[in-house]
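Chemist: Pasting in a structure now, in C-alpha cells, and then I'll have a few things to ask.
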Amino acid sequence: MKIALKSLKVVVVKKTVEVKKDKLLRITAEIHKDKNQPLIQDVRITGDFFAHPETVIEELEARLKGIALQEQALRVVINNCLKNATIIGFSSQDLLDCLLKLKGS
Amino acid sequence: MAKQLELRFIKTVTESYKEQMAIDEANMLAVAQGIAKPSLRICYFKKPSVAIGYSQSVEEEVNLKACNALGVEIFRRMTGGGAVFKDPEKELNYSIIIPEEFAPGTIIDSYEKLCAGIVLGLKHLGLNAEFKPVNDIIINGKKVSGNAQTRFKGVILQHGTLLIDVDVDKMFSVLKVSDEKIRDKMIANVKQRVTSLKHELGFKPSFEAVEQCLIKGFEQALNAKIVPEELTSFEKQKIIELYNNKYNTDDWNFKR
C-alpha cells in the first residue's frame, strides 16, 4: 500500500484558552493535527471553580482524550460526564465554547 | 420535631496547614461512617502558607520563588475555589462538618445556611455582615470571609477563613496575577474589595473573642448544641495516614 508522505506528518500543538466569568476556566491542551479533524491528545482543565464531586474534572480530562475538536462530539462527552455533577463557576456551554477555541489558529 | 444537631467543638493547633487538611478529611470520613459526631473545628497553624483550590495549577497560581524565599508552604485543598495566602497571625480558620440533612437544598442554599453561622457570629462582635453568594461574607460591601465546601457520602464539609487583619501586598507577593502588566492595578482593586475585622471595628479583636462569637453564631444558625470534645482514636490514626500519604506529598500538592 502506498502512503502519501504528507499523511505521515504529525503535528501536535500545545495551546491554552480560557474564559473568565465569575470564576476562571482555563484549558491547556495538546492538539493532534495530523488529519482534517484536529483531535485532543491531552488536556488539563484548571481554575478556581467548584466541582461537586471535585474528581469529575479529572474524569472529564480522561474522557476528552482522543476526541475530535468538533461541537457534537465534545457536547456528548461533556453532557455524559457532567450529568450527575454540579459545577459552580462555568456552564457546560462555557466549557464547550472554551474547548472549541482550541481549534483556532 | 426536628432533630437537634450536636456538634463537637474541637480546637486543633498544628505547625503546618497540611495537617489541618488531614484533620478535615479524617473528621469527614469519621462523621460519614457514623464513628464520630459532627464537628465545628477552629484551626490554628504556624507556617504561613498558600492554599490552592482542588482544580488549580500551582505553576499557574503561585510564585514558587517568592514562597521559597519567604518560607511559605504550599498546599492543595480538597475543596475547589481560588488560591489564598494564609497568614497565621491575621486570620481565623474554621471547619464544620455536618450531615446534609441539616443544610438541605442546593449547594448555594447550604453555603447560605452554614455561612449564617459566621454572619450571626459577627453580629455578636457588633458587625453587620451579609452572605454574598456563592461563598463569601461581606461587611459594608467588602469581603471579610471566603468559604469552600466538599461533600462525601451524605456529609458536608465547609471550611473557611475570617480575616482578622489583612496585608494584601504580602498576599500578592506569593501569588501570580493573570496579567503582570496590571499587577499594581489589580492589587489596588483587591484592597478596595477586601476588609478585615480590625478595619471594621477600629481595633484588632482577640482570636478567643472571635472564636466565641463563631460558636454562638453556629449554635444559632443551626440550632445546634456545641460541646467541647476530643478527636476519636479512629480520627487520630486517619490523620497520620492522610498526612503522610496524601496532604504532605508532592503527588497531591503539585498534582497539577
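Chemist: Report the residue count in the range B:231-256 for those that are farther than 30 Å from A:T28 by Cα, over 20 Å from the mean Cα position of the chain (by Cα) and either in a loop (DSSP other than H, G, I, E, B) or among the polar types (S, T, N, Q) (or both).
Modeler: Number satisfying all stated conditions: 4.
Chemist: Give the number of residues within the range B:180-230 that are within 18 Å of the chain's Cα centre (by Cα) and aromatic (F, W, Y).
Modeler: Number of matching residues: 2.
Chemist: Next up: In the range B:29-59, which residues are touching a Phe, Trp or Tyr at 6+ places or on another chain (Cβ under 7 Å), within 13 Å of chain A (Cβ to nearest Cβ) and of a type in the set (A, V, I, L, M)?
Modeler: B:A51, B:V58
Chemist: Please determine, by comparing only the residues of the range B:165-213 that are modelled with pLDDT of 95 or more, open to solvent by 60 Å² or more (accessible area, probe 1.4 Å) and not in a helix (DSSP H, G or I), which one is nearest to B:L70 (Cα to Cα).
Modeler: B:K204
Chemist: Continuing with this model, one more query. Out of all the residues in the range B:83-124, which are in a strand (DSSP E or B) and among the polar types (S, T, N, Q)?
Modeler: Step one: of the range B:83-124, the residues in a strand (DSSP E or B) are B:84-86, B:91-99.
Selection gives B:N93, B:S95.
Chemist: Taking the range A:11-39, which residues are polar (S, T, N, Q), in a loop (DSSP other than H, G, I, E, B) and surrounded by 17 or more Cβ atoms within 10 Å (Cβ to Cβ)?
Modeler: none
Chemist: Here's something else I'd like to know. Can you tell me which residue within the range A:69-98, out of those that are assigned to a loop (DSSP other than H, G, I, E, B) and within 21 Å of B:Q149 (Cβ to Cβ), is nearest to the other protein chains (Cβ to nearest Cβ)?
Modeler: So in the range A:69-98, the residues assigned to a loop (DSSP other than H, G, I, E, B) come out as A:69-70, A:83-85, A:89-91.
Narrowing further to those that are within 21 Å of B:Q149 (Cβ to Cβ): A:83-85, A:89-91.
On the way: A:K83: 16, A:N84: 12, A:A85: 11, A:G89: 8, A:F90: 11, A:S91: 14 Å.
Ranking the candidates gives A:G89 first.
Chemist: Same structure again: From (1) surrounded by fewer than 20 Cβ atoms within 10 Å (Cβ to Cβ); (2) within 14 Å of another protein chain (Cβ to nearest Cβ); (3) in contact with an Asp or Glu (Cβ under 7 Å, 6 or more places away or on another chain), pick out the condition that doesn't hold for B:I138.
Modeler: If we test B:I138 against (1) surrounded by fewer than 20 Cβ atoms within 10 Å (Cβ to Cβ); (2) within 14 Å of another protein chain (Cβ to nearest Cβ); (3) in contact with an Asp or Glu (Cβ under 7 Å, 6 or more places away or on another chain), just (2) comes out false.
Chemist: Test each condition in (1) more than 14 Å from every other protein chain (Cβ to nearest Cβ); (2) open to solvent by 60 Å² or more (accessible area, probe 1.4 Å); (3) at pLDDT 95 or above for A:K101 and report the one that comes out false.
Modeler: Condition (3) is where A:K101 drops out.
The values are calculated or read from the model by the stated rules, or taken from the named source; none is laboratory data. Here the structure is a predicted model, which is why all the values come from computation and not from measurement. Note that each Cβ is placed from the backbone with ideal geometry, even for glycine, and that neighbours are counted across all protein chains shown. Areas reflect the complete protein model, heavy atoms only, side chains present, ligands, DNA and RNA absent. Shrake-Rupley method; radii C 1.70, N 1.55, O 1.52, S 1.80 Å.
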